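Reading through the structure tokens given below for one structure.
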Amino acid sequence: MVHLPIGIFLLLAAWEVAGSLARSRRLAWLPTLGDSQRTFILVLGAAAALLAAALGWLLGGRGDYDATLVEQHQWLGFATAGAAMLLLAFRRSAVLYRVSLPLFVVLLAIAAHWGGKLTHGTDYFVSSLPPVIARLFGYQPAIPAKKPAVTFDNALVFENVVQPILKERCESCHGSASTKGGLRLDSWAALAKGGKHGPVLKPGDWAASPLLRRIDLPAEAKEHMPPKGKPQLANDDLTLLDWWVAIGGPHAGPVAALDLPPAVEDVLTVRLPGGAARAVPDRAATLQAAAGLGHQLGILIRPLTPDGPWLEVNARLAGKAFDDAALARLAPIAPAIQWLDLGTTAVTDAGLEALAPTRGMQRLHLDQTAITDAGLARLAGFKQLHYLNLRSTAVTDKGVATLRTLPRLRALYLWQTAVSPAAVKALGDSLVDPRRIERWKSQEAEIDRLIAAEHFEGNTGESLRPESKPVPDPTPPPASPAPDKKQTP
């Protein structure tokens with residue numbers, strides 16, 4: 001609404017210029033305004049200017065913008081509305097009207113410029129101009145110091161991970177130009193200060209952090225942020241913000257020094273070059289060493305994929321002949337092992353120390369071995385492990401509790417052990433984020449709706465036609481013999 005009078009009066013000015021030029025024979029084709037048309041446009045423009053000034057005054061009173069700029073723009077808006085009424089009154093005097101219209105357009109431009117400064121920043125106009133032209137307006141753009149490229153190794157947790165999310169999704173309403181709710185999110189100090197309703201962040205507590213609670217509200221909710229209709233945060237953004245608040249909302253320090261959950265590590269690997277770089281074993285050398293070891297130890301070693309170096313090792317075939325010493329002999333191929341089956345072997349807790357180089361392992365079978373709680377503690381660094389079989393071992397609730405350090409663990413088999421269901425549930429609760437599941441479920445419903453909306457059904461009347469009947473055989477059936485009257489029916 002506040003932009004409507006700008007368009008109306010600029011159109012009026014352009015039409016008046018066209019009418020003046022139409023006096024020339026060459027430009028006689030240009031349109032001219034009659035008195036009734038001019039009056040109608042002026043009445044419409046004046047009404048729009050008054051309404052825009054009133055609505056702008058209401059919006060400025062919310063305290064969401066810079067107070068000085070609001071006051072300046074407010075009085076310019078009131079002056080423009082008053083000048084629009086004068087212009088309407090001067091329409092019957094050709095001299096006054098011709099002099100007033102250009103002056104009014106200048107006033108309108110100044111008021112509009114202040115509105116731009118209010119909503120887009122004080123340097124919005126010149127900052128987007130080419131430097132040569134910007135200097136004509138006295139603007140000397142600051143040349144930022146060249147900074148090293150942000151990588152996983154040098155990225156700072158707030159400046160390079162959290163702040164870019166807030167800048168892209170939140171600062172348009174909570175930045176230097178607009179501070180809705182008295183809240184600014186363009187710096188750590190402003191974020192920590194909070195808004196007129198109090199702090200928006202409580203480190204370590206999602207439920208007490210309005211910043212996250214309002215993001216997590218359904219899109220239809222009145223308090224959901226960002227507001228419906230504006231670009232929403234992506235799943236990866238929410239994952240990073242959840243993690244950042246959970247670890248205490250640090251505003252300094254490098255990312256590389258933190259213990260990253262798998263979901264966060266996956267996101268940062270994409271966003272920060274060099275993240276989670278991992279050397280890939282040489283396929284030819286790995287397969288050559290594997291062939292020799294498999295023959296010597298009497299076990300099965302085979303590649304997991306046709307073209308990759310990753311291996312599956314099955315020592316179950318060797319039974320009790322495969323012990324801690326044999327497990328240690330796998331060291332040359334250990335970095336390439338992703339699936340390892342030690343079930344029914346003679347491997348003990350001490351032997352699991354040899355698994356240290358296999359930190360990329362995804363599946364591990366330890367069923368029917370002598371493994372105890374002490375052995376499970378040696379698996380703490382296996383962040384890629386998602387399958388673990390401990391059937392018929394001596395592990396207890398205490399040992400299962402140490403598995404909380406395995407963030408990707410999703411399948412755990414404990415039949416014929418002393419582990420209680422309560423311990424298993426506690427482990428599952430610590431490894432799974434129910435909020436992420438709820439988000440995905442809501443997205444699943446939205447995706448199903450979009451798929452249904454794209455469904456196409458063509459019908460040329462097949463469903464309306466009666467089912468076709470078989471064509472009768474023109475050959476008459478043979479006559480049945482006459483019934484025997486003496487025969488009992």
Within the set of pairs 6+ apart or on separate chains, which have a first residue in segment 10-21 that is assigned by TED's automatic domain parsing to the domain that holds Ala46 and without any contact (Cβ under 8 Å) to a residue 60 or more places away in the chain, a second that is charged (D, E, K, R) and surrounded by 15 or more Cβ atoms within 10 Å (Cβ to Cβ), and C-beta atoms under 9 Å apart? Trp15/Arg38
Segments classed as strands (runs of 3 or more DSSP E), wholly inside segment 304-416, with at least 1 members that are of a type in the set (S, T, N, Q): 311-314, 337-341, 387-389
Output the residues belonging to segment 345-394 that are basic (Lys, Arg) and touching a strand residue (DSSP E or B) at 6+ places or on another chain (Cβ under 9 Å). Arg363, Arg391
Give segment 365-409 a look and list any residue that's of a type in the set (A, V, I, L, M) and in contact with an Asp or Glu (Cβ under 7 Å, 6 or more places away or on another chain), or say none. Ile371, Ala374, Leu390, Val395
Taking Asp242 as meeting all but one of (1) at pLDDT below 80; (2) under 23 Å from the mean Cα position of the chain (by Cα); (3) closer than 25 Å to Leu409 by Cβ, write down the number of the exception. (1)
For segment 239-263, give me each residue that is more than 18 Å from Arg359 (Cα to Cα) and surrounded by 19 or more Cβ atoms within 10 Å (Cβ to Cβ). Thr239, Leu240, Leu241, Asp242, Trp243, Trp244, Val245, Gly249, Val255
Kindly indicate the residue of segment 282-316 that is free of Cβ contacts under 8 Å to residues at least 12 places away in the same chain and more than 42 Å from the chain's Cα centre (by Cα) and also surrounded by the fewest Cβ atoms within 10 Å (Cβ to Cβ) among those meeting that condition. His295
For segment 273-291, does any single residue satisfy the condition of being among the basic types (Lys, Arg), outside any helix (DSSP H, G or I) and outside the structural domain of Lys383 (by TED's automatic domain parsing)? yes
Residue count, segment 259-271, condition touching a helix residue (DSSP H, G or I) at 6+ places or on another chain (Cβ under 7 Å) and under 16 Å from Glu159 (Cβ atoms), comes to 1
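A quick yes/no check of all residues on (1) surrounded by 13 or more Cβ atoms within 10 Å (Cβ to Cβ); (2) hydrophobic (A, V, I, L, M, F, W, C); (3) assigned to a helix (DSSP H, G or I):
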{"position": "Ala190", "(1), (2), (3)": "yes, yes, yes"}
{"position": "Trp206", "(1), (2), (3)": "yes, yes, no"}
{"position": "Ala219", "(1), (2), (3)": "no, yes, no"}
{"position": "Met225", "(1), (2), (3)": "yes, yes, no"}
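The values are calculated or read from the model by the stated rules, or taken from the named source; none is laboratory data. If you're wondering where the values come from, they're calculated on a predicted model, not measured in any experiment. All Cβ positions, even for glycine, are placed from backbone atoms using ideal geometry, and neighbour counts span all protein chains on display.
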